[in-house]
Every structure is written in structure tokens, then in C-alpha cells.
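The values are calculated or read from the model by the stated rules, or taken from the named source; none is laboratory data. All figures in this text were calculated on a predicted structure; none of them were measured in a lab. Note that we place each Cβ from the backbone using ideal geometry, even for glycine, and neighbour counts take in every protein chain shown. Side chains are part of the model used for accessible areas, which takes the heavy atoms of the whole protein and leaves out ligands, DNA and RNA. Shrake-Rupley method; radii C 1.70, N 1.55, O 1.52, S 1.80 Å.
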Amino acid sequence: MGKILEINGPLVKLELPETVLGEQVRVGRLGLVGEVIGRDGNTALAQLYEDTAGLRPGEEATGLGWPLSVELGPGLLGAIFDGVQRPLEAVWQQSGDRMARGVAVPSLPRDKRWHFVPDPHRRAGTALAGGDVLGTVQETESILHRILTPPLIHGELLELAPEGDYTIEEILGRVRKFDDTIEKLHLFHRWPVRTPRPFRKRDHAIAPLITGQRILDTFYPLLKGGKAAIPGPFGAGKTMLQQQIARWCNAEIVIYVGCGERGNELTDVLEFMPELKDPHTGRPLMERTLLVANTSNMPVVAREASVYVGITLAEYFRDQGLDVVMVADSTSRWAEALREVAGRLGQMPVEEGYPAYLGSRLAAFYERAGRVETMAGHHGSVTLIGAVSPPGGDFSEPVTSHTKEIIQTFWALSKELADARHYPSVDWLESFSGYIGSAAKWWAENVDPNWERERAEALDLLSASEELQRIVNLVGVEALSSEQRWTLEAAGLIKEGLLQQSAIDEIDSFASPEKQYALLSGLLEIFRQGMKLVKLGAPARRLIQMPLLSQARRWKSQHTSEDIAALKAKIAQIPGEFEKLMLEYEQTA
Amino acid sequence: MKNIEFRTATSAQGGLIVMGGVPGVAAGSRVQLRDHAGRLRSGLVIRSADDAVLVEVFEGTDELDLERTWVRFLDEPFKLPVSRDILGRIFNGAGLPRDGRPPIISADRRDVNGEPLNPAARAYPREFIQTGISAIDGMNSLTRGQKLPIFSGGGLPHNRVAAQIVRQAKLLGEAASEFVVVFAAFGASHADARFFEESFEESGVLNKVVMFLNLADEPVIERLLTPRAALTAAEYLAFDLDYHVLVVMTDMTAYAEALREVAVLRGDVPARKGYPGYLYSDLAEIYERAGRIKNRRGSITMIPVLSMPSDDITHPIPDLTGYITEGQIVLGRELSNQGVYPPVTVLPSLSRLMKDGVGKNFTREDHPHVASQLFASYAKALEVRGLAAIIGAEELSDADRRYLEFANAFEHKFIGQGEDEDRSVFETLNLAWDLLSMLPADALIRVSEEELAKYHKGQATVAAA
Ligand SMILES: Nc1ncnc2c1ncn2[C@@H]1O[C@H](COP(=O)(O)OP(=O)(O)OP(=O)(O)O)[C@@H](O)[C@H]1O
Ligand SMILES: [Mg+2]
């Protein structure tokens, strides 16, 4: 038992002799929770996850004996937790509309019974290793929850409960560990959030994460198990893009971490997710989704913890052999929380007030993404997508620049595009993906062998048009040759007919890889046909007046992903549209 | 402890005093100081240990004689007494009357810091508010429960725009406004405060307004309390008394500057332009108090006014605000100089809640597409205007010349309107179609073909002209 010596914002100095770094503490009459971040003799410095107003020196403080940990087991899916895994729905029921301090509600429901089916391989007397599957619980209709042996427990399985309904606290089995102590098994276990969960080995990421967003999948793909960042100024569309990914991507589990952002955005997710269907399984999206929320008005220390809570939950599902996507909105707020605590600790700021370890913390965090072979020999992945909110939209600031070094896929959002309401405002020149090779293989095998070539052609067209646009801005469009004018026009067609994609248009919101490829190749076909004509001497002016150009710009919102046949039929007619002009100019040529 | 006066100050500097030998003082508690002349000052405990308590003094520590300074720890945070009687009243930044009438007496006294809403308790705002201003209703609409700031600059008519919104705001189909208004001014001039008072008086809503004023020549630290006191009143009106509350706050820049001043005194590590790293969280504590709550009838809609230092939208104050609020209405000098009122620069303006509050079941089915089309066409028109400035308008193609005409008409007829002109959203949409009809139909990709057939009155293609 210890006591409070001093309160300074979210930091409290405690007299607490036998604590260790990272230990959870409960402090004061209100029972506020925090963690030890510094020690000096008999005193310890703790950061609290809740507002410290009203705490007094002299009030008691106790060490809880464990680091910040999360509960992992059935009951996670569909829930919304705060930054230290308190279940917000249950907290709301218990303490009302406002976040009361010191509430202690267990993360997972204690009274709910789950139907457990033991794994037939697990028999009393056989060896059991950390990460082994004990059995399964059908948690939602689409998700079979594999009940895992806690990672560090190895030994002999003494007994395992038969098929039946259990609460998470009932004893499910017993293990005799190698040191001869007996460990009880439950439907859930705890894991410290700042320690990555172990796995057998890293695997190569191979399959693209399909998000249904054309500029992402077709131009700057991300792989399952990859790391991506979405930097952009305020209002550029980071949250919308992450929500789109959470909605449509072909992962099995989505962890949505709202870190220091708006309360209404989480409400939005909570309201639309149950109503939308997973395009890949047809089940309500909420069944595969889990939210972690520390909104901008909630205490800043819990904000720092929230991304670790999120990534640990992600790793837990990965360890069940699932493909998990975690979106974090916004990693900048997490970095700012780090900065704030560092400032109070008097640590030396290096750039814009950030401590020197900003880069290494970011790297260690993103390192927890990846595709792995789990302890039980399954393949699972964590794909990590972080939004970055650079002050003033300046990408040279510390968080953006460090992040850029770490990630493989960079979806840079542009203010100019967003201002003209060209969404998603992903800048096609600034963005990059280090996964083109692997993605190309997948597209070639699953969609079309020409994907890589077509993609490159479209990108060339876009960068050529950028050059031309510069000329136009100086001297006007009349200075361009017909070929150049047509190039400019075709680039406009790609931008409006392919890159631009409305999240709020029912049909356009999601595009399957087949639809993406059909549009890409269709629009390029128009470009090529037109170019042929221009080379025969047709003036670009005549081509630009073709009704086909404005029609093709509407294709994306006229054909759903199920209705590609009609789209393909239109594309097949493209040469026909040019035929009359073609005949005319072939004759004169 | 409340009733004991301590005379144990050991040092004072730059607005902070250190008190020795006062054990067990609660963090964040309010403090009352009595100086040698018997004058009262107030403060806040910002750091507490048994041997030293650090107190921030709102009125500053100038002329404090430590030997003759008596300090009482009030053992509670700043609180605002609330009751129905606050309507029609004027308070200072700390919630004391400044209208010469008696103070509010109520057993219900609330911590002005509020408590964060549980995200699970929020209800998503969806109800369209008609402000009667086309640039807002048509393209950046306001929703009940939204926080939508006005980004402005010195000399621009942000006060008039805010007052016009307050006068005209109502739900679709409502005859008159249902809103009560909480108005907070901090660091504002007497003239600004006067302007709003008169405007409320003229529209006869004074008895539905609560005002919190901390003017430019009043204590800076009290400025940090003003928005909090105002929002405490707003929360009470909205979530206890079921009112729909419109909160107008001006000027957030003065607030942030006050925060910086205090942060410097405390020795906090600066992040950008001397503003403390926690400016974001601090502003969020204020802005996030807007919203709706499940199972509650009332709502808080927030319109903070903010002047951008040197008209720079990337300055930390507008920047961090934009990162927290649900969009922004940006006023521009160029339009204003051309005599356009309200001078709303639409491209950098945004309403994030518009996508969920307009269209088929809310306003009219073509609304979202029309808005998107106006943005796209106007963005294109501005490009053309830039080009015309270089090569001359005569050199423009036919198609481009139409864009030029469109831009002018859009700015003067659509954005520009009278200060008393209250356009219905349908008038706004019809006006939008009049303008879009200046452009050929095949250039309007963001509206559907059906909508074109129904509303577009111009030619199909440029060639048809
Ligand atoms: N793909 C999209 N389709 C349609 N509208 C979009 C799209 N992306 C963004 N928008 C529009 O832009 C607005 C702002 O987007 P969003 O909230 O995602 O920005 P943000 O980058 O997350 O900003 P902040 O950093 O302030 O949180 C949205 O409310 C929506 O109106
Ligand atoms: Mg966002």
C-alpha cells in the first residue's frame, strides 16, 4: 500500500516501494487507474488514464501487480471499448451519458455463456503448447472463434471440459507446466498490450487487401499483412477512406481505433456497421468489427494506450489464423499524447516538441503488422493502416516523415483535390506502393494478365498530363498539339471515370477487382482508339465532342460489381463508336 | 479546509504562486486570494504536493505582498449555478452577473469543465438546419448537433454572418426558429458585444439568449473559463431542459492566445508557434461538447467564430480547429472586396455532416449531387479564370468562356445575397440549376441523367450552341 505525494496534470508521484515499471496502479478515493512510468527509490511516477482533478496528496495508492493488459476471448466482436478496453456500452448502462471516473466494468461479459466445442486433438495427458487451439466458439455467424492456449503456457494437458456452454470465468481445463505448477484454462486470457504476441515465424505477404477503392487497389495496392499510412490535412478524407476500408475490405476482422478523433465519427460507425452487409460473407459488418475509442476530449494518457490495445486485439485474432485489418485514426494524436507526457517528464524535445524516441516508437508499433505462421501453425495477418494528421498539412513534419520511412504503402491525400471534391483525394503522383510486384502476380492470376501493363499505362498518362497541364496554365490549350490535347482529355477521363469514387453513391462505393479492371481497360481503350485517330490526322476537338466521353464517365456509377457483363458489353462497343471517324480519316490518309 | 485562510505563500512569479505547508489540497480546486488591500482574486490549483501547492492566479500576481496574502482553498472546481432563470441573462466569463441583476441562486451547480460524453451515448446528427444562406445550405449545410466554425479574418463580416444564421436558422418545415441561443464572447471588443446584443434585441429573441462576456480589456485567464461556463449552460439547457441550443462563440483565436499566455507562464513545452502541445486536446474539450445524446430531446449546435491570423488557414488555431470540428465555413477577403456578402469561399469550406443530412429523405433528392457539381464546376471555372488572366479572355475557347461567366454568376447570384434575405433550400437548389444550366449538360457528370432531364435548362453539348 502506498500514497500520493504529488499531482501534476495526468502525472502523479507516489510513495510505492515495490513497484516495477509498467505496473498498473489504482489511485485515490476515486480509484483511478494508471501505469508506472518512472521509479526512483521508494517513489514512483505514474500516468493516469483518467482526469486527476480532485485527487489529493496523502490519498492511498496500490500497485495491482500486472501491466496494462487486455482480455482476449469471446465477446470482443461487435463491441466498442475505450482506450484501456472498458466496454463503453456497459459503462453507459452503468454510469450514464458521461464518462464517470473510476468505473470498473470488466472488458468481457461475465454472465454470458458460450457454446464451446473442444478440439478433438486435445486429450488429457497430451502435450500442450502456448497458442495451441483448445477448441472453438461460434461467436458470430461469420466468425468461428478459436480458443487459444495463452502464449506462454507449455506443459501437459490434465483435463479439458467437454462440449457445452460456459462463461468465460468457468474453468475449462488444467495444464501441468514444466515447473510442475498447475495452470487453469478459461475461454479467455490476458495479455500485456505493450508486448507483441509471439508467433512461429514471419511469412511473406502475398495477397492484396481488396478494399473496393479503385485508386487504392488498382494503383497503390496494399497486401494483407502490410503497413500503410494515410497522411492528409484536415478534411481531406482520411476518416472516410478508413471507414470505406473498414466497410468493404476482404479481411475477416476489422479493428477500428479512433484515437483522439471525433465522437460522432464513432457513432457513425456504430450506426452504419450493423446495417451494412459484409460484401464477402453477406453477414452484418458489425459481426466482424470491433471498435476502440479514445475521442479527442477523453484523457490523453489513455489515448497513448489505445493503439496498443487495438494492435494486441488484432494480434489475438491473427493468432487464430485470421486476416485482420486495423485502422488507426489518427496516429498523430497518439504521437501527440507521447509528446505531452514526455514534456511533463521534462524529457528533452528534439523536433517540434517531440521526444527523441518518436521514430523508434512508431517503427516498433508498425512492426507489429505482418503475415505470420502462428504458434499453432496457421497463417494469419495483421494489416495496419494509420492516418496521419500533419499540422498545416505539411508532410515534412516529424510524424509524417518518420512514418513514411516505415510503411510500404503511402496514400497521400491532397488538399487541392479535396477542395474540388475529387474524392478519394489520393494524390496519384505523391502516393506509392512497395507491393506492386506481389500484387501484379495476384491480379494476373485472378483477374487479368495485363493488369500490370495497363496500370503502368494509366499512370504514365496521368503524369504526362501533369506536364501538359503546366503548359496549358502558361499559354493556353491552343498551344498543344492534337496528340497532347487528346492525352490531356484522356487523363481527365481516367481521373473522373476511374480514380474519383464516391463513398456515398450506393453503386460506386465499392468496386470488385473485376469491375476495377474493366473500367481501367475500358477507359484506356478509349484513349488508344482516340490516339490512333489523332495520328491519322483527326483533330482532338472532334474527339472531345464524342458523347462517349461523358457516357464513359458515368459507367462507374451505372454498373454494380455484380453487373460487369453489361459494362463489358459497353466496352466491347468502343471500337464501334470510333468506326465512323476512323473510316473517314483512313480514307483521307 | 474551505474556511481556513493560509498565509504561507513562499514565492510568486508571473501569475503563479507557491503555497507551503498546506497538506492534502485537491488538484484542480478553486482558490480565493485576499491581498493586502482586501481585494479578492481567484485561482486554480495546478500542482499539489504536501510541501508545495502551485496556484495559478487569474488576475495575475502583480503587487502581491506575500506576507499579507491570505489564501483559501475552496475544495471544488469552478462551478456554474444553473436554473431556468439563466435565459435572458448576461454573465461574465466566470458566470457572475454583469447585467446588474442578482446572481443565479441554485442548488444545482455544475463543474464548468464538464465530463466527456461516452461515445456510445451519442446520437449521430442528421437533421438539416436551413440557415437561409445559399452558400451554406446548398453546399456546406448545417446539421442539428454539429460544430461548424466560421473561419474569418480581421475586417470580414463574420459577426454579421453569425447573426444572420442565428436569426434565420430553423428546421425544414418549421415556421420559426426553435432555438435558444448561448452566446459567448471572449477577447471581443465592446463594439462586437454590442453588435450581437442589438441584433438579438432587434429579432426579439433576447429572452431566449444567455450571454457570457469576457471582453478584450478583461482578465485573460478568465477567458479560459468563458467558453466552459457557456457550454455548461448550454448542456443544461439542451440535456436537462430539452432545448435545441445554438452556441455562438467568438473569438476562438483570443481563447487560444490566452491559453498560450498561460502555458508560457507555466513553462510548458511549446509545439508550434509557441502554442502548447495540448492546444488540440484543450480545444477538443470545448468543441466536442456539441452534439446529440440518445434518448434526449435537446441538442447543442455550435458555431465558433475564429479569425485566422494573417488570413493563414494553416496557422495552428484554424488548423487544429479544422481537425476537430465537423467542417468550416471560410470567409475570404477577395470576395468581400468585390462586395460579395456573405463572402464565403466555398472550396476550402466543408460540412462533414452534410452527406448524412441532405438528399432524398431530408431536403431534395438532387441536393448532394448538385452540391458536388457546383464544387466541381466552380473549381474548374477558377482554373479557367486563372488561365484567362494569363492569356486573356479573348483567347479562351467557347467552352471555357462559359465557365468564366458561370464563375461570375455563381459568386454574385448564388453566394452573394442580402443580409436579410432568407432563401429556402428549394430556392437555393433552383438557383443552383439556373447557374448549372449555363454549362452544357454533358459537362455535368456529378448529377444524374434523370436530374439533368428534370432540371437542366441549357444545351446538351457545347457544340449544340
Ligand atoms: N470518398 C469520399 N466520398 C465522398 N465524400 C468524401 C469522401 N472522402 C471524403 N469525403 C468528404 O470529405 C469530408 C471530410 O472527410 P474526412 O472526415 O474523412 O476528413 P479527414 O481527413 O479525416 O479530416 P480530419 O483530419 O479533420 O479528421 C467528409 O465528411 C465527406 O463529406
Ligand atoms: Mg478524420
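Rounded to the nearest 20, the Cβ-based charge dipole of the protein assembly as shown about its Cα centre (Lys and Arg +1, Asp and Glu -1) stands at 1120 debye.
Would you calculate the volume per residue, in Å³, of the smallest convex hull containing every Cα atom of segment A:419-578?
Output value, Cα hull per residue: 124 Å³.
Using a 1.4 Å probe over protein heavy atoms, the accessible area lost on pairing B with A, summed over both chains, comes to approximately 6200 Å². Span-like helix criteria (full DSSP H runs; alpha carbon extent of at least 27 Å along the helix axis; mean Kyte-Doolittle hydropathy of at least -1.0) are satisfied in chain A by A:300-318, A:451-475, A:513-535. Reducing segment A:389-424 and segment B:328-366 to their Cα centroids gives an inter-centroid distance of 24 Å.
Annotation note: GluC sites (Glu not before Pro) in segment A:1-99 located in DSSP loop regions with a Cβ neighbour count of at most 14 within 10 Å are A:Glu18.
Paramagnetic label reach from A:Glu416 (point 7 Å along Cα→Cβ; backbone nitrogen cut-off under 17 Å): within segment B:311-332, no residues. Projected label points at A:Leu345 and A:Arg190, each 7 Å from Cα along the beta carbon direction, are separated by 2.3 nanometres. Between B:His190 and B:Ala123, take the C-beta separation as r, use R0 = 35 Å, and let me know the FRET efficiency to the nearest 0.05. Using R0 = 35 Å, I get an efficiency of 0.35. Any idea what % of Cα-Cα pairs in the protein assembly as shown are farther than 42 Å? In whole percent, the share of Cα-Cα pairs in the protein assembly as shown beyond 42 Å is 44. Once C-alpha pairs closer than 8 Å and six or more residues apart are averaged by separation and normalised to the residue number of chain A, the relative contact order reads 12 percent. Of B:Thr69, B:Thr314, the order by accessible heavy-atom surface (1.4 Å probe, DNA, RNA and ligands excluded), from most exposed downward, is B:Thr314, B:Thr69. Ordering B:Pro227, B:Pro309, B:Ile324 by the projection of their Cα atoms onto the charge dipole of segment B:186-328, which places +1 on the Cβ of Lys and Arg and -1 on the Cβ of Asp and Glu, puts B:Ile324 at the extreme positive end. Taken over segment A:201-436, the convex hull of the Cα atoms encloses 120 Å³ per residue. Total lysine pairs in segment B:80-357 at Cα distances under 30 Å, for residues eight or more apart or on different chains: 10.
Taking every Cα-Cα distance in segment B:291-401 and sorting them into 5 Å bins from zero, the calculated P(r) comes out as 2, 9, 13, 16, 18, 17, 11, 8, 3, 1, 1, 1, 0 percent. The calculated 222 nm mean residue ellipticity attributable to helices in chain A amounts to -10000 deg cm²/dmol, summing -39500 (n - 2.57) over DSSP H runs of n ≥ 4 and dividing by all residues. The accessible-area ordering, largest first, of the residues A:Leu459, A:Leu187 stands as A:Leu459, A:Leu187, per a 1.4 angstrom probe. Both numbers refer to the Cα atoms of chain A; Rg and Dmax are 27.5, 98 Å. By the equivalent-ellipsoid construction on the alpha carbon gyration tensor, segment B:367-455 comes out with semi-axes of 23, 17, 9 Å, ordered largest to smallest. FRET efficiency for the A:Ala104 to A:His379 pair, using the beta carbon distance and R₀ = 56 Å, is estimated at 0.90. Our note on the geometry: Cα centres of segment B:44-120 and segment A:295-346, 34 Å apart. Here the translational diffusion coefficient of segment A:114-187 follows from Stokes-Einstein with Rh set to the Kirkwood radius across Cα pairs; for 37 °C and 0.692 mPa s it amounts to 268 µm²/s. When the Cα positions of B:Ala121, B:Leu87, B:Ala52 are compared along the charge dipole of segment B:26-125, B:Leu87 comes out farthest toward the positive end, with charges on each C-beta of Lys, Arg, Asp and Glu. The residue list A:Thr331, A:Ser69, B:Leu96 was ranked by how far each Cα lies along the charge dipole of the protein assembly as shown toward its positive end, using unit charges on Cβ atoms, and A:Ser69 comes out on top.
Of the three principal axes defined by the Cα atoms of segment A:132-227, the extents in descending order read 55, 32, 21 Å. Remark: chain A carries 37 Å² of accessible area per residue (probe radius 1.4 Å; ligands, DNA and RNA excluded).
The calculated FRET efficiency for B:Ala37 paired with A:Met1, based on their beta-carbon distance and R0 = 45 Å, is about 0.45. Rg/Rh for segment B:80-357 stands at 0.94; both radii use Cα atoms, and Rh follows the Kirkwood definition. Working from the Cα coordinates of segment A:1-67, the gyration tensor eigenvalues give, after taking √(5λ), semi-axes of 16, 12, 11 Å in decreasing order. Of the Cα atoms belonging to segment B:215-300, the radius of gyration and Dmax stand at 15.0, 44 Å. In the full protein context, chain B carries 36 Å² of accessible surface per residue, based on a 1.4 Å probe and ignoring ligands, DNA and RNA. Over segment A:250-305, with a single point scatterer placed on each C-alpha, what log10 of the ratio I(q)/I(0) does the Debye formula yield at q = 0.29 1/Å? Log10 of I(q)/I(0), two decimals: -1.09. Residue-wise HN-Hα couplings along segment B:221-238, as the Karplus relation 6.51 cos²θ - 1.76 cosθ + 1.60 with θ = phi - 60° gives them from phi, are 5, 4, 4, 6, 8, 3, x, 5, 5, 4, 6, 5, 4, 5, 4, 5, 5, 7 Hz; Gly and Pro carry x. Placing a label point 7 Å from the Cα of A:Glu15 along the Cα-to-Cβ direction, the residues of segment B:1-41 with a backbone N closer than 13 Å are B:24. Solvent-free Debye calculation, one equal scatterer per alpha-carbon of segment B:5-77: log10 I(q)/I(0) at 0.13, 0.16 Å⁻¹ equals -0.28, -0.43.
Pairs of C-alpha atoms in chain B farther apart than 40 Å represent 28 percent of all such pairs. Rounded to the nearest whole Hz, the Karplus-based 3J(HN,Hα) values (6.51 cos²θ - 1.76 cosθ + 1.60, θ = phi - 60°) of segment B:186-196 follow the sequence 10, x, 7, 7, 4, 5, 4, 4, 4, 4, 5, with x at glycine and proline.
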